[in-house]
Amino acid sequence: MTKYITKKSGKYWPSKAMKEIAWVNDKKIYKQANKNPVKFWSELAKKGIMWEELWDEKKTYIEKLPYFWWFKGAKLNFCVNALDRHLGRSEKPALIWVPEPIKEKPTILTYKELYDKVNKCANLLKKLGVKKGDAVSIYLPLIPEAAIAMLACTRIGAIHSVVFSAFAPDALKARIQDCKAKVLITADGYYRRGKKENLLKKAKKALRKSGIKKVLVVNRLSKNKTYFGKFLSFNKELEKVDLYCKPERMNSEDPMFILYTSGTTGKPKGIVHDTGGYAVQAYYTAKWNFNLHDQDIMWCTADIGWITGHTYAIYGPLLNGTTSLIYEGTPDFPKQDRWWKIIDKYKVSVFYTAPTAIRMFMKFGNKYVNKHKLKSLKILGTVGEPIDIDAWNWYFKKIGKSRCPIIDTWWQTETGGTLINVLPGIGPFVPTIAGLSFPGTRHAIVDKKGKKTNKGFLTQVSPFAPGMLHGVWKNHKKYVETYWKKFKTKYDTSDGAILKSGLIRVTGRTDDVMKVAGHRLATAELENTINDHNLVNESAVVPIPDKIKGETPIAFVVLEKGKPSEKLEKSLKSHVDKHLGPTSRPSKIFFVHALPKTRSGKIMRRILKNILTNEELKGLMTLVNPKCVEDIQRLIKTDEIFKNIEDKNANNLFKKD
Ligand code: WTA
């Protein structure tokens with residue numbers, strides 16, 4: 001079996017076989033790109049993307065912080081780049097969709113078939129009154145119609161806002177209202193762990209007073225169901241429209257989509273991505289990180305509700321004319337080897353997933369993976385949170401069979417595409433280290449004052465990458481406060497990082513954002529939801545390390561009325577499920593008399609975290625109510641459920657390195 005890596009002086013590097021197939025295999029590219037990143041991206045953009053009209057060279061990159069524009073004034077259509085230009089090889093599969101029920105046949109859509117469906121969907125949206133610049137909300141599970149709907153929006157220049165299907169109605173409603181979506185595309189449901197999940201019921205709840213005029217419902221569960229009023233059957237309506245839709249001519253800087261993400265405040269922010277810059281970064285990062293060639297089959301396991309699903313399950317592979325595999329369900333149903341079976345069956349060559357999934361499979365034991373040869377794999381990727389050394393080694397040995405490089409990609413919803421990772425043809429592949437800034441991008445690790453250091457805050461410096469966010473939807477203030485206030489001319493990633501032998505290791509968030517099973521959650525959003533419960537006075541949420549999920553939220557609640565009980569804890573958890581979604585559910589809720597606060601009334605979450613993780617308590621002097629700390633300590637020590645929450649003392653994921 002071909003080995004794509006080799007070991008030299010204690011580190012893994014690309015083998016000759018990998019160098020031969022890699023798009024980029026000479027490390028000189030970093031120096032060349034860094035000499036003039038604007039020229040570098042300009043040349044790449046011209047080669048990689050089909051433009052209807054090029055930009056004026058002087059306008060390749062314009063920076064007026066806190067905003068910046070790439071390829072200003074250039075014209076293109078994103079959908080044409082993802083579909084029309086591959087029609088020459090129209091029989092090539094664009095999407096392979098694996099449904100959860102094993103008896104159901106997979107759907108394989110060629111580029112031509114996907115193109116036809118997208119064109120029809122685009123015409124349908126137009127028929128419903130959607131115009132260029134209008135927002136469309138998409139609340140769909142991972143089914144082909146999700147990709148069709150997203151691409152259809154890009155064809156007519158509508159701005160899509162995908163909302164994760166596990167989110168609760170309130171979360172959907174807030175997102176619909178913020179972008180004033182005209183149409184909602186949803187489904188009657190989907191399969192999860194052998195059960196039918198009713199998505200439409202949740203969507204209907206969200207729709208009350210939401211301002212949505214029309215709802216397209218994909219018949220995933222019941223093929224022939226008919227709908228009334230503002231509800232229309234996606235499948236049936238599609239049959240009534242024309243087969244071709246002329247692509248809209250868009251400006252490079254026109255917004256293409258909004259994706260809401262959690263920040264440090266209770267309200268999610270609508271991250272805006274433009275058309276041209278995003279296309280360039282999605283195209284090249286997918287191509288170079290995963291070395292995409294004609295025969296490759298890429299499987300990015302992320303849901304389309306997250307940026308990873310946008311860029312590497314749909315857009316990156318399609319821009320490159322590659323086949324992308326997507327699936328319905330969960331990794332361990334019907335059996336714990338579902339993923340490995342899929343890789344062998346469909347000959348997946350590029351596999352991109354999150355550390356939380358890897359840790360879950362490690363827990364299942366090796367017998368499930370040992371049965372599978374996984375010989376089609378060439379490249380493995382990881383994303384979403386720092387990967388610990390045990391997970392890296394297991395991934396490398398058990399999935400990659402010690403022959404595939406692991407590309408540890410650091411990026412964010414805001415960055416649109418990957419930014420820090422080594423390239424497969426260059427290396428080195430070092431456990432727990434993301435590596436180098438993508439050619440043509442620059443990062444700096446700085447201290448509080450913005451001065452360069454080897455351990456501190458991760459920032460991005462000018463010129464900012466083409467795929468970077470184009471602001472926060474209708475909220476300039478939030479954009480400035482979140483990303484530009486701290487370091488002024490540097491983009492604040494809110495991540496911590498360490499420079500080790502010239503390579504970057506990202507250590508995780510430095511703000512009040514948690515990564516729970518790879519999902520991004522704000523402590524404030526969860527607190528607000530808990531506080532909305534009629535028995536709650538106030539609350540504080542802190543994340544603690546978790547062996548599988550990376551982090552898990554723990555809540556401290558002061559009651560307004562009522563008495564602490566197991567029943568109330570359960571009811572608060574289901575309150576969170578109902579209003580935010582089960583991904584946000586705290587693992588444990590402690591009922592306390594008071595929360596540690598400073599004189600100015602600020603809740604000291606750090607102290608709560610230190611108590612939970614058995615760390616030294618600092619800053620008690622600043623508290624107005626230090627006595628409550630002892631009470632909380634006592635409560636935690638005697639709690640039986642908390643004792644069983646796994647790995648609560650594993651306060652450093654990198655401890656063995
Ligand atoms: C974290 C996901 C360490 C980081 C693409 C970032 C990572 C946040 C890595 C963004 C990585 C992502 N190593 N940390 N390879 N990749 N992160 O917006 O804290 O869901 O700020 O985007 O995930 O999460 P988001």
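Key figures for this structure:
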item	result
Sparse-neighbourhood loop sites, chymotrypsin sites (Phe, Trp or Tyr not before Pro) in segment 345-410 - DSSP loop, at most 10 other Cβ within 10 angstrom	none
For segment 108-186: rounded, prolate or oblate by the Cα gyration tensor [a/c cutoff 1.5]	oblate
Gain upon complete extension [Asp639, Lys561; 0.36 nm per residue less C-alpha separation]	25.9 nm
Rounded percent of accessible protein surface that carbon and sulfur make up, the chain, 1.4 Å probe	52 percent
Antiparallel DSSP beta bridges within the chain, percent to nearest 5	60 percent
Charge sum, other residues only, whose C-beta stays under 12 Å from Trp55's C-beta, Lys/Arg counted +1 and Asp/Glu -1	0
Dipole magnitude (debye, nearest 20) for the chain, charges at Cβ of Lys, Arg, Asp, Glu	340 debye
Gain in span if fully extended, Lys570 to Asp447, counting 0.36 nm per residue against the direct Cα distance	40.0 nm
Length gained when the stretch Thr264-Met50 is fully extended (0.36 nm per residue, less Cα-Cα span)	73.2 nm
Rounded accessible area of Lys401 (nearest 10 Å², 1.4 Å probe)	60 Å²
Spin-label model distance (nm) - Lys455 vs Leu243, 7 Å beyond Cα toward Cβ	6.5 nm
Exposure of Asp390 as accessible area (Å², to 10), given a probe of 1.4 Å and all protein chains	60 Å²
Compactness index (Cα Rg / 2.2 N^0.38 Å), the chain	0.94
Radius of gyration and maximum dimension Dmax of segment 41-171, Cα, Å	17.6, 57
Segment 346-380 versus segment 1-70: alpha-carbon centroid distance in Å	28 Å
Ile108 paired with Lys58, simple spin-label distance in nm, labels 7 Å along Cα-to-beta-carbon	5.3 nm
Loop sites in segment 230-286: chymotrypsin sites (Phe, Trp or Tyr not before Pro), DSSP, at most 13 other Cβ within 10 Å	Tyr244
Glu20, Glu551, ranked by accessible area, largest first (probe 1.4 Å)	Glu20, Glu551
Taking segment 513-653 and dividing mean pair separation by its residue count, relative contact order in percent (alpha carbons under 8 Å, at least six apart)	23 percent
Which of Leu114, Ala497, Trp51, positive extreme of dipole for the chain (C-beta unit charges)	Ala497
Sequence of Trp411, Trp41 when ordered by accessible area, the most exposed leading, probe 1.4 angstrom	Trp411, Trp41
Positive dipole terminus of segment 5-480, leading residue within Gly10, Gly456, Leu380 (C-beta point charges)	Gly456
For segment 108-115, 3J(HN,Hα) per residue [Karplus equation, 6.51 cos²θ - 1.76 cosθ + 1.60, θ = phi - 60°, Hz, x = Gly/Pro]	10, 10, 6, 4, 5, 5, 5, 4
Karplus 3J(HN,Hα) series, Hz, for segment 260-276 with 6.51 cos²θ - 1.76 cosθ + 1.60 (x for Gly, Pro)	7, 9, 7, x, 8, 9, x, 9, x, 9, x, 7, 9, 10, 8, 9, x
Modelled FRET efficiency - R0 22 Å, Lys11 with Lys397, Cβ distances, 0.05 increments	0.85
The chain, accessible area per residue, ligands and nucleic acids excluded (1.4 Å, Å²)	41 Å²
Projected label distance in nm at Ser462 and Asp631, using a 7 Å step from Cα toward the beta-carbon	5.3 nm
Two-decimal ratio, segment 357-402, of alpha-carbon radius of gyration to 2.2 N^0.38 Å	1.11
For segment 217-257 and segment 443-513, distance of Cα centres in Å	38 Å
Efficiency of FRET between Leu65 and Lys363 - r from beta-carbon atoms, R0 45 angstrom, step 0.05	0.50
Largest-first ordering by accessible area, 1.4 Å probe, given options Glu248, Glu630	Glu630, Glu248
Members of Lys64/Lys451; Lys567/Lys618; Lys578/Lys609; Lys31/Lys451 lying beyond 31 Å, as alpha-carbon distances in this model show	Lys567/Lys618
Amide H contacts of Lys597 (H built 1.01 Å from N, under 5 Å, at least 5 apart or other chain)	Met604, Val624, Asn625
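The values are calculated or read from the model by the stated rules, or taken from the named source; none is laboratory data. Bear in mind the structure is a predicted one, so any value in this text is a computation, not a measurement. Note that each Cβ is placed from the backbone with ideal geometry, even for glycine, and that neighbours are counted across all protein chains shown. All accessible areas refer to the heavy atoms of the entire protein, side chains included, with ligands and DNA or RNA removed. Shrake-Rupley method; radii C 1.70, N 1.55, O 1.52, S 1.80 Å.
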